[in-house]
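K.L.:
Let me give you the structure first, and then I'll get to my questions.
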Amino acid sequence: MNIDSEWVRAQFPAFAEPSLQGQAFFENAGGSYTCQQVIDRLGRFYRERKVQPYGAYAASQAGGAEMDEARSRMAAILGVESDELSFGPSTTQNTYVLAQAFGQMMQPGEAIVVTNQDHEANSGPWRRLADRGIEIREWQVDPETGHLDPADLENLLDEQVRLVCFPHCSNVVGEINPVTEITALAHAAGAFVCVDGVSYAPHGFADVGALGPDIYLFSAYKTFGPHQGLMVIRRALGELLPNQAHHFNGDVLYKRFTPAGPDHAQVAASAGMADYIDAFHAHHIGGEADGLARGVAVHDAMRAHETKLLQPLLDAMAARNSVRVIGPADATERAPTVALALDRPGAEMAQALAERGIMAAGGDFYAGRALEAMKVPKDKGVLRLSFTHYTTQAEMDKLLNALDDLL
C-alpha cells in the first residue's frame with residue numbers, strides 16, 4: 001500500500017505555511033509538525049473549556065470528558081488499559097518521577113541496568129540512584145556499530161536486578177531493539193522493564209501490550225501532538241511502586257505518578273493524535289477495526305513508506321569514505337533517524353544544509369554516552385537527518401542533492 005502523501009500533508013498546517021515553503025524538514029526526531037486535529041482540539045479547549053475540569057457545569061464537564069477521551073483512546077491504540085496510561089509535562093520529567101518511586105521501593109545493594117545507547121532522559125535519572133546505594137550496571141553498545149547485544153544483558157542479570165532500562169530505538173543509533181526478547185530476558189530474571197519509546201513512536205505507535213514491557217514512555221510533541229509525555233505503567237508495577245502524587249490520588253493508577261496537576265488543555269488535545277490515526281486508517285485502509293487494530297495497521301503503513309525512502313539515503317552515505325553512518329545499513333532494522341559522523345562538526349554541516357533549504361541539526365542530541373562509546377569526537381558530534389511518514393520522495397531527492405554538493 002502506498003501512502004497518499006497529498007492527503008497526509010493536508011492534515012499538517014505547516015506544509016501550507018508560507019514561512020516554511022521551500023524548506024524540507026529533516027529534524028523530526030527533535031519534534032514533529034503538529035496535525036490539524038490536535039490544533040483544533042487545543043484551540044477549542046482554550047476557547048470553550050479553559051476551566052477547572054470535572055465540575056458540575058457544562059464547560060467543566062466537557063473539558064473533563066475530553067481529557068478522559070484522550071487517555072482512553074490513546075490507551076486503546078497502545079494496547080493497554082485506560083488507567084495504565086498517564087500524562088506528564090515531558091518524558092524526562094516522567095522518568096524522573098519514576099526514578100524517585102523506584103528509589104523509595106528498592107534497597108541498597110539492589111541493581112538497575114541502564115544502557116549507554118540511551119538518550120540521557122532514560123539514563124541519568126536512574127544513574128542518580130547510585131547516591132541511594134543502588135547499584136547501576138551498564139549494558140554497553142558495540143563501539144563499532146552501536147548495537148546492543150541481548151547476550152551481553154544476560155551477563156548482567158541476577159537476582160539483585162530489579163529494573164532494566166533501554167530504548168526502543170536510540171535517537172542517534174536508530175536500530176530498533178527487540179523489545180519483546182529483551183523484556184522476556186529481564187522478566188525471567190525477576191526484573192521489571194522500562195522502555196524509552198520516544199524515538200520509535202513517531203514512526204507508528206507500538207502495541208505496548210503485545211511487546212510486554214512494564215513501562216513504556218514517549219513524547220506527544222514528537223508524535224504530531226502537544227508537548228506532553230505519555231507514560232504506560234502496567235498495573236502490577238504501578239500498584240507496587242510508592243505513590244508519587246497527592247495522598248488522596250494514590251488509589252487512582254493514572255494519577256499515582258503525576259505529582260503536579262496535569263496540563264488540562266494539552267491532555268485533552270492529545271485525543272487529536274487518535275483522531276489523526278482514525279482519519280489515516282479511514283483514508284488508506286478502511287473497514288471496521290478497533291483502536292488497537294487501527295493503530296497497528298497505520299503503524300505498518302507508516303513504517304513501509306519510511307523504509308522505502310530511507311534505504312537510498314543509507315546506501316548513498318555508506319558509499320562515501322568520508323562519512324560514517326551510525327547504526328544499521330539496512331532500513332528495515334532501524335528508524336529513519338540517521339546520524340552521520342563527518343570530518344567536520346555536525347552543527348556546521350546543518351548550517352550549510354539550512355542555506356540549501358534543508359532543516360536538520362548537529363550535535364550530540366543528549367546521547368553523548370553513545371557517541372563517546374563509538375569514539376565520535378565530542379567537538380564534532382554528528383549530523384542528524386530524521387524524517388517521518390509525511391516526508392516525500394521529492395524531499396529525499398532534495399536532501400541527497402544537497403549532501404552531494406556539500407560532501
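The values are calculated or read from the model by the stated rules, or taken from the named source; none is laboratory data. Worth saying up front: this structure is predicted, and the values here are computed from it rather than measured. Don't worry about glycine lacking a Cβ; one is built from the backbone with ideal geometry, like all the others, and counts go over all protein chains shown. SASA here: full protein model, heavy atoms, side chains in, ligands and nucleic acids out. Shrake-Rupley method; radii C 1.70, N 1.55, O 1.52, S 1.80 Å.
K.L.:
Of the beta bridges DSSP finds with both residues in the chain, what % are antiparallel, to the nearest 5? It would help to have the intermediate numbers written out before the result.
P.N.:
Numbers: 20 of 39 bridges.
So the antiparallel bridges in the chain amount to around 50 percent.
K.L.:
Here's something else I'd like to know. If I compute solvent accessible area with a 1.4 Å probe over the protein chains, what percent of it on the chain is carbon and sulfur?
P.N.:
Numbers: 7920 of 15880 Å².
For the chain, the apolar C and S fraction of the accessible surface comes to 50 percent.
K.L.:
Applying a 10 Å radius around every beta-carbon, put 274-283, 189-198 in order of their mean neighbour count, most first.
P.N.:
Details: 274-283: 19.2, 189-198: 23.9.
Packing proxy ranking, top to bottom: 189-198, 274-283.
K.L.:
Going Cα to Cα from K255, which lysines come in below 25 Å? Please leave out same-chain ones fewer than 8 positions away.
P.N.:
K50, K222
K.L.:
Can you spot the aspartates and glutamates whose alpha carbon is less than 15 Å from K308's alpha carbon? Ignore those fewer than 8 places along the same chain.
P.N.:
Partners found: D4, D300, D330, E333, E395, D397.
K.L.:
What length, rounded to one decimal in nm, is gained on full extension from Q23 through to A260, with 0.36 nm per residue of separation minus their alpha-carbon distance? List each step's numbers first, then the result.
P.N.:
Values: separation 237, 0.36 × 237 = 85.32 nm, distance 3.87 nm.
Extra length available between Q23 and A260 comes to 81.4 nm.
K.L.:
Based solely on its DSSP helices, what 222 nm [θ] is calculated for the chain when runs of n ≥ 4 H residues each add -39,500 (n - 2.57) and the sum is averaged over all residues, nearest 500 deg cm²/dmol?
P.N.:
Values: 15 runs with 159 residues, N = 407.
For the chain, the value works out to -11500 deg cm²/dmol.
K.L.:
Also: In region 222-371, how does Rg compare with the Kirkwood Rh, expressed as the Rg/Rh ratio over alpha carbon atoms?
P.N.:
Checking Rg against Rh, the ratio lands at 1.06.
K.L.:
If the chain were replaced by its equivalent ellipsoid, with semi-axes equal to the square roots of 5 times the Cα gyration tensor eigenvalues, what would those be, largest first, whole Å? Can you show the working numbers first?
P.N.:
Working: eigenvalues 207, 172, 65 Å².
Largest first, the chain gives 32, 29, 18 Å.
K.L.:
In nm, give the distance between the simple-model label positions of R235 and A210, each being 7 Å from the Cα along the Cα-to-Cβ direction.
P.N.:
About 2.2 nm separates the two model spin labels.
K.L.:
In the chain, which longest range has no GluC sites (Glu not before Pro) that are both DSSP loop (not H, G, I, E or B) and surrounded by at most 16 other Cβ atoms within 10 Å? Could you put the intermediate results ahead of the total?
P.N.:
Working: sites that count: E81, E144, E159, E239, E288, E355.
Within the chain, the longest run free of exposed GluC sites (Glu not before Pro) spans 1-80.
K.L.:
Could you work out how far the C-alpha centroid of region 76-127 sits from that of region 347-407, in angstrom?
P.N.:
29 Å
K.L.:
I would also like to ask the following. Considering only A329, A304, A289, give the residue with the highest GNM mean-square fluctuation for the chain, with springs between Cα atoms whenever their separation is below 10 Å.
P.N.:
A289
K.L.:
Please list, short to long, the whole-number percent of alpha-carbon pairs of region 111-243 in consecutive 5 angstrom bins beginning at zero.
P.N.:
2, 10, 21, 24, 22, 14, 6, 1, 0
K.L.:
Kirkwood-based Rg over Rh for region 158-312 (C-alpha set), two decimals? Please report the intermediate quantities before stating the final value.
P.N.:
Working: Rg = 17.0 Å, Rh = 17.2 Å.
Rg/Rh for region 158-312 comes to 0.99.
K.L.:
Can you tell me the length gained on complete extension of the stretch H246 to E348, counting 0.36 nm per residue apart and subtracting the Cα distance? Intermediate values should be presented prior to the final figure.
P.N.:
Details: separation 102, 0.36 × 102 = 36.72 nm, distance 4.72 nm.
Between H246 and E348, full extension yields an extra 32.0 nm.
K.L.:
Only Cα pairs within less than 10 Å get springs; with that Gaussian network setup on the chain, which residue of S86, S219, S19 has the largest fluctuation?
P.N.:
In the Gaussian network model the winner is S19.
K.L.:
Another one. What span do the alpha-carbon atoms of region 42-273 cover on each of the three principal axes, reported in whole Å from largest to smallest?
P.N.:
58, 36, 27
K.L.:
Going Cα to Cα from K398, which aspartates and glutamates come in below 17 Å? Please leave out same-chain ones fewer than 8 positions away.
P.N.:
Straight-distance partners of K398: E27, E306, D315, E355.
K.L.:
While we're looking at this one, here's another question. Grab the beta carbon distance between D142 and A56, set R0 = 56 Å, and tell me the FRET efficiency rounded to 0.05.
P.N.:
Working from the Cβ atoms, E equals 0.40.
K.L.:
Determine the distance separating the Cα centre of region 7-49 from the Cα centre of region 141-211; give it in Å without decimals.
P.N.:
Using only Cα atoms to place each centre, the spacing works out to 31 Å.
K.L.:
Can you tell me which of A76, A14, A361 moves the most in a GNM of the chain? Springs connect C-alpha atoms under 10 Å apart.
P.N.:
Looking only at A76, A14, A361, the biggest GNM fluctuation is shown by A14.
K.L.:
Something else about it: What is the dipole size for region 42-273, taken about its Cα centre, with +1 at each Lys and Arg Cβ and -1 at each Asp and Glu Cβ, in debye to the nearest 20? Could you put the intermediate results ahead of the total?
P.N.:
Values: 16 positive and 28 negative charges, 247 e Å.
The calculation lands at about 1180 debye.
K.L.:
Next question. For M105 and A188, what does the FRET efficiency come to when R0 = 25 Å and r is the distance between their Cβ atoms, rounded to the nearest 0.05?
P.N.:
Details: r = 21 Å, r/R0 = 0.83.
With R0 = 25 Å, the Cβ-Cβ based efficiency is 0.75.
K.L.:
Now for a different question. Expected output is a single nm value to one decimal: the length gained when fully extending between E159 and E48, i.e. 0.36 nm times separation in residues minus the C-alpha distance. What is it?
P.N.:
Working: separation 111, 0.36 × 111 = 39.96 nm, distance 5.36 nm.
Contour length minus Cα-Cα distance gives 34.6 nm.
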